[in-house]
Amino acid sequence: MLYREYGQTGKKVSILGFGGMRFKNVDDHDECVRMMITAAQSGVNYFDTAPGYFETRSETVFGKGFTQMRKLGLPYYSATKTFQSTESGIRSEIEAQLKRMDIPVIDFYHIWCITNLNNWAGRKKDGILQTFRKLKDEGLIRHICISSHLIKNEIKELLMEGVFEGVLFGYSAYNFNTRQEAFDAIIEKKLGAVVMNPLGGGVIPDHPELFSFIRREGESITEAALRVLWDHPQITNTLVGFDTIEHVNEALQAIEGYKSRSAAELEEIKSKASSSFEGICTGCAYCNSCPQEIPIPQYMDAYNQKLLIKNQGDHIGDRLKWHWNLERSGAGKCTECGQCEETCTQHIDIIKRLKEIAG
């Protein structure tokens with residue numbers, strides 16, 4: 001395993017991280033813990049979850065995994081998040097999180113999912129920064145971090161606070177262009193840089209031919225997608241949401257025989273990243289709370305087919321019918337309330353796409 005400094009914290013974390021968002025069967029605790037132990041035994045020491053993953057059940061799994069790691073003498077760092085912004089809300093949540101994860105302190109605690117600056121302004125007004133400082137002073141958290149989905153240079157407003165020690169952000173072969181300015185701002189502040197969605201929520205492995213420009217001879221598309229991120233020396237950790245033990249082993253295999261590209265080789269690859277990849281839905285499902293009960297993640301997944309498949313055919317309709325058992329007309333129930341767009345981590349024009357799908 002390779003390790004890198006997490007910003008200026010003095011901690012070294014594995015370049016591969018374990019994400020708890022996508023367990024295939026989160027209620028099979030034995031299997032989920034086995035996945036965590038397999039990763040830890042191979043040197044993974046960064047484990048990230050959140051209270052919203054499987055309605056807190058992911059944190060419960062992590063608690064059992066951490067307990068087993070301690071018994072085996074395996075080192076780990078805990079990372080989780082909160083949507084709460086008031087002091088009472090945060091304290092109530094972190095008390096439950098520490099209990100679920102069976103730990104006395106959280107190593108990397110994140111202000112979760114900043115999607116726009118208005119959202120950030122409201123949370124600041126609630127006193128979230130003061131509360132996080134108190135939690136650190138009290139020894140309940142070790143490092144103050146933030147999870148951001150802001151694009152271009154919007155993230156600079158967050159980083160001006162001078163309190164954050166690390167940032168969790170999206171960056172991959174399909175969105176180099178839209179996320180580069182945010183990445184540059186993180187580098188400038190010398191913060192820990194943890195990448196989420198390195199596989200695009202499955203988009204990259206599902207379309208290997210479209211992302212062939214990142215592959216070297218003999219690499220699988222998953223290996224290539226991870227390695228091209230590891231080629232960025234400023235990226236501290238690449239966080240993969242694992243669903244099965246097979247996917248854990250596949251990611252670990254990418255470490256074996258890894259040889260970094262030169263800066264010039266990396267820039268050549270990034271220059272080949274088509275602008276048509278921008279705006280792809282990664283399937284995070286934060287938008288899945290439509291008042292009209294439109295299954296927006298499924299409709300956006302279907303729209304991905306238009307962006308990714310260039311030959312003739314009704315790729316959106318086929319995806320809806322054969323993969324999701326949905327009709328185009330269902331998208332027409334949209335009332336344009338905008339709730340989905342406020343929570344979209346990719347800043348996708350969801351309302352416009354729903355109109356287009358419905359015809």
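The values are calculated or read from the model by the stated rules, or taken from the named source; none is laboratory data. Small disclaimer: the values here were computed from a predicted structure and weren't measured. As a convention, Cβ positions derive from the backbone with ideal geometry for all residues, glycine included, and neighbour counts pool all protein chains shown. Accessible surface is based on the protein model in full, side chains and every heavy atom, while ligands, DNA and RNA are left aside. Shrake-Rupley method; radii C 1.70, N 1.55, O 1.52, S 1.80 Å.
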query: From the residues in region 226-264 that are hydroxyl-bearing (Ser, Thr, Tyr) and surrounded by fewer than 19 Cβ atoms within 10 Å (Cβ to Cβ), which one is farthest from GLY283 (Cα to Cα)?
result: SER262
field: Positions within region 328-359 being at pLDDT 95 or above, over 27 Å from ILE155 (Cβ atoms) and open to solvent by 90 Å² or more (accessible area, probe 1.4 Å), in sequence order
entry: LYS333, GLU336, LYS355
query: What pairs can you find where one residue is in region 290-311 and among the aromatic types (Phe, Trp, Tyr), the other is assigned to a loop (DSSP other than H, G, I, E, B) and open to solvent by 30 Å² or more (accessible area, probe 1.4 Å), and their Cβ atoms are less than 9 Å apart, with a gap of 6+ or different chains?
result: TYR299/TRP324; TYR299/LEU326
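Restricting to region 244-282, and then to whatever is in a loop (DSSP other than H, G, I, E, B) and of a type in the set (A, V, I, L, M), can you tell me which residue is nearest to the chain's Cα centre (by Cα)?
Taking region 244-282 first, the residues in a loop (DSSP other than H, G, I, E, B) are 244, 256-262, 272-274, 278-282.
Now drop any that are not of a type in the set (A, V, I, L, M), which leaves 273, 280.
Working: ALA273: 20, ILE280: 14 Å.
The residue in question is ILE280.
Residue by residue, here is whether (1) out of contact with any Leu (no Cβ under 8 Å at 6 or more places or on another chain); (2) of a type outside the set (Lys, Arg); (3) on the phi > 0 side of the Ramachandran plot holds:
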residue: GLN253; (1), (2), (3): yes, yes, no
residue: GLY257; (1), (2), (3): yes, yes, yes
residue: LEU266; (1), (2), (3): yes, yes, no
residue: GLU278; (1), (2), (3): yes, yes, no
residue: ILE296; (1), (2), (3): no, yes, no
residue: ALA302; (1), (2), (3): no, yes, no
residue: LYS306; (1), (2), (3): yes, no, no
Evaluation of PRO297 against (1) under 19 Å from ASN116 (Cβ atoms); (2) open to solvent by less than 50 Å² (accessible area, probe 1.4 Å); (3) out of contact with any helix residue (DSSP H, G or I) (no Cβ under 8 Å at 6 or more places or on another chain); (4) part of a helix (DSSP H, G or I) (one fails), failing number: (1)
- prompt: Which number in (1) within 30 Å of THR60 (Cβ to Cβ); (2) surrounded by fewer than 20 Cβ atoms within 10 Å (Cβ to Cβ); (3) free of Cβ contacts under 8 Å to residues at least 60 places away in the same chain; (4) not charged (D, E, K, R) marks the one condition that LEU117 misses?
  reply: (1)
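Inspect region 30-37 for any residue being part of a loop (DSSP other than H, G, I, E, B), in contact with a helix residue (DSSP H, G or I) (Cβ under 8 Å, 6 or more places away or on another chain) and buried (at least 21 other Cβ atoms within 10 Å of the Cβ) and give the result as yes or no.
Of region 30-37, the ones part of a loop (DSSP other than H, G, I, E, B) are none.
Looking through region 30-37, none of the residues is part of a loop (DSSP other than H, G, I, E, B), in contact with a helix residue (DSSP H, G or I) (Cβ under 8 Å, 6 or more places away or on another chain) and buried (at least 21 other Cβ atoms within 10 Å of the Cβ).
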message: Taking the conditions exactly as written (closer than 25 Å to ARG22 by Cα, under 21 Å from the mean Cα position of the chain (by Cα) and in a loop (DSSP other than H, G, I, E, B)), does ALA285 satisfy them or not?
response: yes
- request: Please state which one of VAL44, VAL26 is of a type outside the set (Gly, Ala, Ser), surrounded by fewer than 22 Cβ atoms within 10 Å (Cβ to Cβ) and either at pLDDT below 95 or assigned to a loop (DSSP other than H, G, I, E, B) (or both).
  value: VAL26
Failed item in (1) under 28 Å from ARG133 (Cα atoms); (2) in contact with a strand residue (DSSP E or B) (Cβ under 9 Å, 6 or more places away or on another chain); (3) at pLDDT 95 or above, with GLY63 passing the rest: (2)
query: Does ALA302 satisfy the condition of being within 23 Å of the chain's Cα centre (by Cα), open to solvent by less than 30 Å² (accessible area, probe 1.4 Å) and at pLDDT below 90?
result: no
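Considering only region 68-83, I want to know if a residue exists there that is within 17 Å of TYR53 (Cα to Cα) and open to solvent by 70 Å² or more (accessible area, probe 1.4 Å). Full working, then the answer.
Step one: of region 68-83, the residues within 17 Å of TYR53 (Cα to Cα) are 78-83.
Filter once more, keeping what is open to solvent by 70 Å² or more (accessible area, probe 1.4 Å): 83.
Within region 68-83, one or more residues are within 17 Å of TYR53 (Cα to Cα) and open to solvent by 70 Å² or more (accessible area, probe 1.4 Å).
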field: Residue among ILE90, ILE144, ILE103, ILE94 that is out of contact with any Ser or Thr (no Cβ under 8 Å at 6 or more places or on another chain) and either touching a residue at least 12 places away in the same chain (Cβ under 8 Å) or crowded, with 18+ Cβ neighbours inside 10 Å (or both)
entry: ILE144
query: Restricting to region 82-106, what's the tally of residues that are among the small types (Gly, Ala, Ser) and in a loop (DSSP other than H, G, I, E, B)?
result: 1
query: Does region 306-322 hold any residues that are closer than 17 Å to HIS207 by Cα and part of a helix (DSSP H, G or I), and which are they?
result: LYS306, LEU307, LEU308, HIS315, ILE316, ASP318, ARG319
field: Failed item, numbered, when LEU150 is tested on (1) under 21 Å from the mean Cα position of the chain (by Cα); (2) farther than 17 Å from PHE108 by Cβ; (3) surrounded by fewer than 16 Cβ atoms within 10 Å (Cβ to Cβ)
entry: (3)
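Name the one entry in GLY63, GLY52 that is farther than 20 Å from CYS145 by Cα and buried (at least 16 other Cβ atoms within 10 Å of the Cβ).
On the way: GLY52 fails: farther than 20 Å from CYS145 by Cα.
So the residue among GLY63, GLY52 that is farther than 20 Å from CYS145 by Cα and buried (at least 16 other Cβ atoms within 10 Å of the Cβ) is GLY63.
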message: When the residues of region 183-224 are narrowed to those that are under 15 Å from the mean Cα position of the chain (by Cα) and small (Gly, Ala, Ser), which ends up surrounded by the fewest Cβ atoms within 10 Å (Cβ to Cβ)?
response: GLY202
